[in-house]
1. Do we find that A:Gly545 is touching an Asp or Glu at 6+ places or on another chain (Cβ under 9 Å) and on the phi > 0 side of the Ramachandran plot in this structure?
2. Among what's in region B:89-109 and is out of contact with any helix residue (DSSP H, G or I) (no Cβ under 6 Å at 6 or more places or on another chain) and of a type in the set (A, V, I, L, M), pick the residue that is modelled with the highest pLDDT.
3. Restricting to region A:627-679, count the residues that are in contact with a Leu (Cβ under 9 Å, 6 or more places away or on another chain), more than 10 Å from chain B (Cβ to nearest Cβ) and of a type in the set (Val, Ile, Thr).
4. Look at A:Ile614 and say whether it is touching a helix residue (DSSP H, G or I) at 6+ places or on another chain (Cβ under 9 Å), within 13 Å of chain B (Cβ to nearest Cβ) and in contact (Cβ under 8 Å) with a residue 24 or more places away in the chain.
5. Filter region B:72-89 down to the residues that are within 12 Å of chain A (Cβ to nearest Cβ) and of a type in the set (Lys, Arg) and list them by number.
6. Just need a number here: residues in region B:34-57 that are in contact with a helix residue (DSSP H, G or I) (Cβ under 8 Å, 6 or more places away or on another chain) and either facing chain A (nearest Cβ under 10 Å) or farther than 17 Å from A:Val673 by Cα (or both).
7. Kindly indicate which of B:Ile112, B:Ile80, B:Ile65 is farther than 15 Å from B:Gly19 by Cβ, among the hydrophobic types (A, V, I, L, M, F, W, C), at pLDDT 90 or above and in contact with a Leu (Cβ under 8 Å, 6 or more places away or on another chain).
8. If we scan region B:60-71, do we find a residue that is outside any helix (DSSP H, G or I), of a type outside the set (D, E, K, R) and touching a residue at least 12 places away in the same chain (Cβ under 8 Å)?
Amino acid sequence: MFNFKILKIIICFLFIFLTLTTPIGNVFAEDIVDPLLLIFPPFAGIKTIISATGGLGGAIDLIGNPVGTISQGIAASAGALICTAARIILDIGQMILYSAVNSSSTWLSPTDFDANSETYNNVVATGWGIVRNVANAALVIGLVVIAINIILGREENKAKKTLINFIIIALLINFTPIICGFIIDGSNILTKSFVAGGIDNSMVGNLAGKFTEIFNDLGTDNKNPVGTFVIMLVFLMFALVSFFIYTLYALLFIGRSIILWLLVIVSPIAFATKVFPESKYIKKIFPSITYWDDWWESFLQWCVIGIPAGMSIYLANMTISKLTLNINTSGGIEDMAGSLVSAVIQCLTPFIVLVAGFFISISAGGQIGSAVSGIASNVWTKTGGRAVDRGKELAAAPWVKAAGYVEGRAGAVGTWAKEGATGRIGGAISNVFGNEKIDTSTKEGREEGRYKFREYIGKPRELAAKYSLVAPGTVGQKSKEETEAAEFAKGVSFNNYEKLSERYSQPQRTAIEKKLAEEDLSKFLEGAKTPIELERRLKSIAATGNDKTKNAAFLNTINNTKAGTTDWGKVFKTDIGKSVSSMSAKDVVEKLTPNSLGNVDVFEKLTLKQLNAIIDRGSREQTDAIKSLLTGSGSKALTDRKDTLENIKNLPGPVDQIEEAEQKLDDLNKKIVNLIKII
Amino acid sequence: MTSEMSKKISDDIIYFIEGIVLEYNLEKDFIEEDVLLKKKLSGVDDLAERISNKLLFSKTINDYIKNNKPLEEILVSFRIKKIIEQLINNRISFDDLNALLSQNIKVSPEVIQSITEKIKKNPSIKELIDSKIGETEELISNEEDSKKNTNTKSIGNILLKKIN
């Protein structure tokens, strides 16, 4: 079989060798090029060069210096090809973006229902008509639901309020295109004020002009052919990157229009769901954007998504207009490199503005924006970003291997050495790159370093799985050592652990701590003799525990003076509200330690059911902790909370805020009443 | 041990007791003595708010709780609560009520008689007397659920009352 790879290498070698060793001149006569232009436009560049440097006269060189002249010709052709290709790519990118921005307010506009109009949208008009009829039918069902609720007295007040909503919504349903159109047009006006002229082509012109200028000088002996060739490649690279970015923006604008079509079509049904009481069943019947909350959120996000996008395009244009490219190809490589780097940085600035603007825009797009971001990421992975990802892979691979190697080798020389090595590495990485400073000279510091090390080790593995470098299932899979440690931990009791904890290997210790904390958190934390040991145990739970244990351990850090000043919310990645609400009444009794129950914030977040579970089934220490809220500092905190809520309730302010304060005050009072059971 | 094995009063009964205290102004002397508490309770009709204000804003009550001293010594509501706890745990009967209340509350015999009748008629107390230990929680949670789901002022309920 003929080996194309070797042929490619030979051609490249010849090309570079000849370009470096021969002066640049002309090889083709102007007359020969003209017919070629009909076949392929890039030959226009060559024609320009020939015209500039003497036409047929150059052909004489072919006889005097055949090798040199041919090589110059190859270089010239390649340059012209690259230049023209880059220009075409840029022009196409610009054209796509301009068309996308323009069409979003013309034929892609979702709000023109006038059949005689040029921008009449048949799809949206028909779809909206069908959905409106369905929505009107849904309203009838809604009316029945409200009536039943009022008759049976189930949430009667709510049902009466809903009736008022019902009347308003029934009217509004028939005017949703006008309401949507008003918001869409408003956002379009803002967007178009930024992107009225599309993308400024001055950078393309600037770069292309500079390139032609350099190219026209190819015939003179004092030009650096390597430099010229590098500039050509840089230009091509810019063209490709900008094409990608322009296409992304174009997709964003087209996507916005299509999604707004869908949102306008389903708007009657979304408005209708506003009538129904909030219920998980209603959300199941009207999923996603057919339910008011999701629809409204998506609609607003997709309306305004064009504004940051338009603004970033506008800012990029401003940056482009300030570009002053001055590439020095007359001097040596060093001079040229300096001027080239400066030019590259200048050219990069508008692209950075565009890329940043794109990500800001899609982040404004909420969940659907994230999906677009995902698509963009995939497109980038498969196209322009392939090389970058490959670079990442190459950069990550030695790191992962090195870390794995250290871990593996350390294991071979004994547990102590391994723990020390991983702890120090983790600590060192955290000290250099993280916010937390770890003193690896102490045992506790190395321990913390080991948790960090595992965290850092996990990240490239997750990344590798994300980019399909390793099978997704392998991430988070236990190593053989960890499996053995988990097996070993099954037979270890609290007593054994407290007596022998120093003798266990790190994986064994981690597995035992995980098991014991899940078994009896209070006992596990009380076993810590010093504040440093308590911190270590808490961090161990944060790193390895299940969600329930993590929640309970986090809540235990509140009011626990031994837990130090660490930001535990950050360590456990949670807050009091989330932690308490994620626990069942049974969990609350089993997992919440007296320390956490003595905290007003925790008390406020407990539901009445959770509180009663503690009162009925909790330990004496737990009930005493809750009772202590009625005395001393606990009482002061509760009275302050009540006063604050009463102030919000009594002072003029937004109705929602007042209602919320009333509800919270009512809940707090009811919970305090329940404390009588344990007094 | 005994307290763990005994039946606990429900929220309903706590509110019932506070209702009686409010109706007959049984804690007037105690409230009058405490300026802050008096201010916090003036014009407050909501029973939950009254109870929580008493527990939070009275320094005397705070001190009693802190020192684990019996609140019956200072609060009539806690005296009634104690009597009802004895009642639901079958340590006393309805016949003993009048005498016990007379001993513990310094009011006229008519008021004592009226309170006795109210306690006797209270459905939550009756249910707790008849229930066994362990069933209490279930009863309480059922009460809470039914309270959540019905509104006594609803059109349906008004109609039912009229029919009856």
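1. Answer is no for this residue.
2. Selected residue: B:Ala99.
3. So the count comes out to 2.
4. Criteria met by A:Ile614.
5. B:Lys81, B:Lys82
6. Of region B:34-57, the ones in contact with a helix residue (DSSP H, G or I) (Cβ under 8 Å, 6 or more places away or on another chain) are B:34, B:36-38, B:40-41, B:44-57.
Now restrict to residues that are either facing chain A (nearest Cβ under 10 Å) or farther than 17 Å from A:Val673 by Cα (or both): B:34, B:36, B:38, B:40, B:46-57.
Result for region B:34-57: 16.
7. Going through B:Ile112, B:Ile80, B:Ile65 in turn, the sole match is B:Ile112.
8. Narrowing region B:60-71 to residues outside any helix (DSSP H, G or I): B:67-70.
Next, only the ones that are of a type outside the set (D, E, K, R) stay: B:67-68, B:70.
Checking the rest, the ones that are also touching a residue at least 12 places away in the same chain (Cβ under 8 Å) come to none.
Within region B:60-71, not a single residue is outside any helix (DSSP H, G or I), of a type outside the set (D, E, K, R) and touching a residue at least 12 places away in the same chain (Cβ under 8 Å).
The values are calculated or read from the model by the stated rules, or taken from the named source; none is laboratory data. Quick caveat: nothing in here was measured; it's all calculated off a predicted structure. Methodologically, a virtual Cβ is constructed for each residue, glycine included, from the backbone with ideal geometry; neighbour enumeration extends over all protein chains shown.
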